[in-house]
Structure formats: structure tokens, C-alpha cells
Amino acid sequence: MIETAEIKINRVGQSSISELDVENIPFARIYSDHMFIADYKDGEWQDLRIEPYQPLSLSPATSAIHYGISIFEGMKAYKNQEGEVLLFRPNDNASRLNISAERMCIPEVPESLFMDALTELIRLDSQWVPNKQGTALYIRPCVFATDEYIGIKPSENFKFMIITSPVGAYYSKPVNVKIETHFSRAFEGGTGYAKAAGNYAASLYPAKLAQDEGYDQLIWTDGKTHQYIEESGTMNVMFIIDDKLITAPASGTILKGITRDSVLTIARDWGMEVEERPVSVKEIVEAARSGAIQEAFGVGTAATIAQIAAIGHEDEHFQLNDVASRKFSNKVLSELDNIKTGQIEDRFGWTYKV
Ligand SMILES: *Cc1c(COP(=O)(O)O)cnc(C)c1O
């Protein structure tokens with residue numbers, strides 16, 4: 001099909017890179033000079049192109065707008081000390097995009113198309129990959145339905161786009177999370193495992209209620225019984241209790257994070273005991289109450305590791321131990337940063353030079 005299809009490049013007249021203050025980058029508000037776009041029509045991806053970043057023109061009847069037939073990915077590019085650009089496990093984003101695609105009746109984006117589009121775009125905008133410690137270029141691929149049709153049916157036309165945005169040194173403040181036992185994010189047979197637009201739309205209201213109570217984020221529980229911990233916002237969650245690293249299994253209701261897999265892989269490599277198993281709310285609440293939680297943190301591309309400072313459950317609020325004393329999560333954060341920026345040997349073959 002499109003194995004060797006050519007990507008047409010239409011460069012910006014004038015780069016806006018000079019407007020970027022690398023010392024002070026606002027999160028996801030500034031976009032790089034170029035974007036990648038391809039159109040799916042007549043059963044294939046065509047018209048592969050890189051254009052100046054600019055608004056799209058769409059029919060008001062575009063099916064993605066009405067029915068949320070839309071999926072996305074999230075990843076980052078980093079610079080190493082030689083100024084070369086490194087991606088972290090991009091093939092895993094490509095395959096996860098297609099897992100999401102199948103669930104939403106969106107056509108597959110062949111991995112070769114995904115990787116070609118990504119590398120061409122990042123090469124062209126490589127000056128947008130900041131090189132200061134902790135900074136990166138956030139990459140947002142997405143695919144959405146563009147049928148001009150307000151009947152509900154699988155679409156026949158789609159756009160695959162990639163936009164990128166430089167992000168600043170992301171010191172994530174330790175977060176206060178509330179275990180949500182009323183609203184649900186996902187349920188067996190649903191779309192929890194897909195990075196599907198609607199999942200995030202549906203999470204906003206429960207998260208807002210928790211924010212009104214003073215929490216930063218929710219920890220979702222299973223939709224059926226609310227007795228098992230699932231994940232948080234756009235992060236998987238992990239606990240260390242009795243020196244064991246514990247996290248919920250990546251079942252159909254949990255987004256299978258690439259950071260999650262990376263942290264588990266490093267933990268096993270370091271000889272740590274790892275348990276991927278159902279984690280009950282009761283177990284976590286009891287461990288929080290008795291002080292048995294040694295570490296608690298979220299894992300995802302945005303922050304890599306987001307420390308959990310406190311956990312709320314119903315009327316109780318548990319302050320956890322001091323973040324600075326958490327050996328594993330602090331160490332795995334710097335290990336991952338060092339791998340992603342090429343400062344230590346990439347012993348798992350995770351980095352990809354653009
Ligand atoms: C993207 C995402 C994650 C984290 O995945 P990474 O590949 O580690 O960035 C976790 N949970 C949800 C719901 C997500 O959307």
C-alpha cells in the first residue's frame with residue numbers, strides 16, 4: 001500500500017521559534033512550525049503531507065465532532081548531549097494507536113506510515129526539541145473521522161495528524177488524590193484500554209467535583225464494584241508495600257501505559273518483587289491508615305513519575321510519607337530520564353534516534 005509513499009513538504013515562510021522562551025515554556029500552549037496530515041479515503045491513506053501548523057477547515061457535520069470518533073497518542077522527543085533527537089519507544093505508541101483504532105472502527109495506521117511521518121516531522125522541526133534538563137518536545141498523534149454525515153455509523157473518511165509542542169522542565173508537585181467510588185471511567189467491555197477521546201471528556205466532571213473538594217486528581221476504581229483500584233487521569237498508579245511494587249493488571253479497563261511497562265521492567269531488572277494483580281481499595285486504605293505504604297505514585301508520559309502526597313477515601317484523608325524519602329520512585333525517575341536523554345546506556349533498546 002503506502003510502504004514508500006512520499007510525504008510532500010510545504011515549509012513555513014518564517015519559523016516562529018524565536019518567540020519561544022526556553023526558560024519559561026507554558027505547558028501545551030505553543031506549537032511547533034509544522035504539522036503532519038494524511039487523509040484516509042477510498043480505503044487508503046493518501047495525500048501524506050507536512051504543512052505549516054494552521055487551523056483546519058472542517059464541515060459542521062464532521063462525524064468526529066458529533067460522535068467522538070477520535071483517538072490519540074502521547075509521546076516525547078528529547079535531545080541528547082550531542083544535540084541528536086531521541087524518541088522513547090515510539091513503536092509502542094504506533095501499536096497502541098492501532099489497538100485504540102480497532103475499538104473505534106478507525107482504520108489502521110500502518111506502523112511504517114506512523115514512523116515515517118513522525119521522523120520526517122521531528123527532523124524538520126528538530127530545533128523545537130529543547131535541550132535543557134527536563135524539557136522535551138511533546139508529540140500528539142491523533143486520528144479522527146471526517147465523514148460529513150450526522151447518521152451514526154462507522155466513518156469512511158479520516159484524518160491522521162501529528163502536532164508537536166515544546167514542554168518545559170516538568171517538576172510535578174506531589175498530588176493529592178481521591179479514590180473515586182461513585183463515578184466510573186471504564187468497565188469490562190467498554191473503551192478503557194483505548195486512548196479514545198470520549199474517555200477523557202467523561203472524566204472531567206467527576207474530576208472537577210474532586211477538585212472542588214481540594215483534590216488534584218482521582219484514582220478510578222472498577223466500574224462494577226468500586227472495590228479495586230484502576231488508574232488516575234492519564235497515569236497508571238503504583239504502590240510499594242512490604243517492599244513489593246504493586247499495580248493493577250493492564251486489563252480491558254486500564255490504559256496500558258508505556259511508562260508503566262518501563263517502570264515495571266526496570267524494577268524487575270533491579271531485582272525488585274513486582275505484583276501485577278487486582279489491588280483492592282480496602283488494602284490501600286488499610287495500608288495508608290497503618291503507614292504501610294512506602295511509596296505511591298502515578299506513571300505516565302507527561303510527568304514520568306507523579307508522587308502521590310495524600311490519598312482521600314470517603315470521609316478520610318491520609319497524608320503519606322515524605323516524598324524525598326521514597327527511594328525507588330526517585331531512582332526510577334532519574335534512571336528513565338537518563339535513558340530517554342541518552343545519558344546512560346540504553347540496555348533495553350528503548351530509544352530511537354530520529
Ligand atoms: C496515556 C495514558 C496513560 C499513560 O500512558 P503512557 O504511555 O505511559 O503515557 C495512563 N492512563 C491513561 C488513561 C492514559 O490516557
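The values are calculated or read from the model by the stated rules, or taken from the named source; none is laboratory data. Just so you know, these numbers come straight off a predicted model, no measurement behind them. Cβ coordinates were reconstructed from backbone atoms using ideal geometry, including for glycine residues, and neighbour counts include every protein chain displayed.
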Residue match in segment 290-310 (condition: free of Cβ contacts under 8 Å to residues at least 12 places away in the same chain and either of a type in the set (A, V, I, L, M) or on the phi < 0 side of the Ramachandran plot (or both)): yes
The one condition in (1) over 30 Å from Tyr53 (Cβ atoms); (2) surrounded by fewer than 16 Cβ atoms within 10 Å (Cβ to Cβ); (3) not assigned by TED's automatic domain parsing to the domain that holds His66 that Ile179 fails to fulfil: (2)
Boolean, Arg123 is under 17 Å from the mean Cα position of the chain (by Cα) and charged (D, E, K, R): no
Hits in segment 77-114 - residues which are more than 13 Å from the ligand (Cβ to nearest atom), touching a residue at least 60 places away in the same chain (Cβ under 8 Å) and small (Gly, Ala, Ser): Ala77, Ser112
Positions within segment 232-244 being assigned to a strand (DSSP E or B) and either more than 14 Å from the ligand (Cβ to nearest atom) or free of Cβ contacts under 8 Å to residues at least 60 places away in the same chain (or both), in sequence order: Phe239, Ile240, Ile241, Lys244
Selected residue (only one of Lys256, Lys208, Lys224 is in the same structural domain as Thr301 (by TED's automatic domain parsing), more than 15 Å from the ligand (Cβ to nearest atom) and either in contact (Cβ under 8 Å) with a residue 60 or more places away in the chain or closer than 24 Å to Gly74 by Cα (or both)): Lys208
Spans of helices (runs of 4 or more DSSP H) in segment 52-138 with at least 2 residues under 29 Å from Asp337 (Cα atoms): 90-103, 111-124
Failed criterion for Ile65 (all others in (1) buried (at least 17 other Cβ atoms within 10 Å of the Cβ); (2) of a type in the set (A, V, I, L, M); (3) over 26 Å from Pro166 (Cβ atoms) hold): (1)
Residue satisfying condition, being outside any strand (DSSP E or B), within 11 Å of the ligand (Cβ to nearest atom) and over 29 Å from Val323 (Cβ atoms), within set Ala202, Ala186, Ala194, Ala250: Ala194
Filter result (of a type in the set (Gly, Ala, Ser) and surrounded by fewer than 16 Cβ atoms within 10 Å (Cβ to Cβ)) within segment 324-348: Ala324, Ser325, Ser334
Filter result (over 13 Å from the mean Cα position of the chain (by Cα) and either surrounded by fewer than 22 Cβ atoms within 10 Å (Cβ to Cβ) or within 15 Å of Glu283 (Cβ to Cβ) (or both)) within segment 296-307: Ala296, Gln307
Selected residue [within 25 Å of the chain's Cα centre (by Cα), modelled with pLDDT of 95 or more and surrounded by fewer than 19 Cβ atoms within 10 Å (Cβ to Cβ)] from Thr265, Thr247: Thr265
From Gly151, Gly134, residue being surrounded by fewer than 20 Cβ atoms within 10 Å (Cβ to Cβ), without any contact (Cβ under 8 Å) to a residue 12 or more places away in the chain and assigned by TED's automatic domain parsing to the domain that holds Asp47: Gly151
Meets criteria (in contact with a Gly (Cβ under 6 Å, 6 or more places away or on another chain) and either within 14 Å of the ligand (Cβ to nearest atom) or in contact (Cβ under 8 Å) with a residue 12 or more places away in the chain (or both)) for Thr62: no
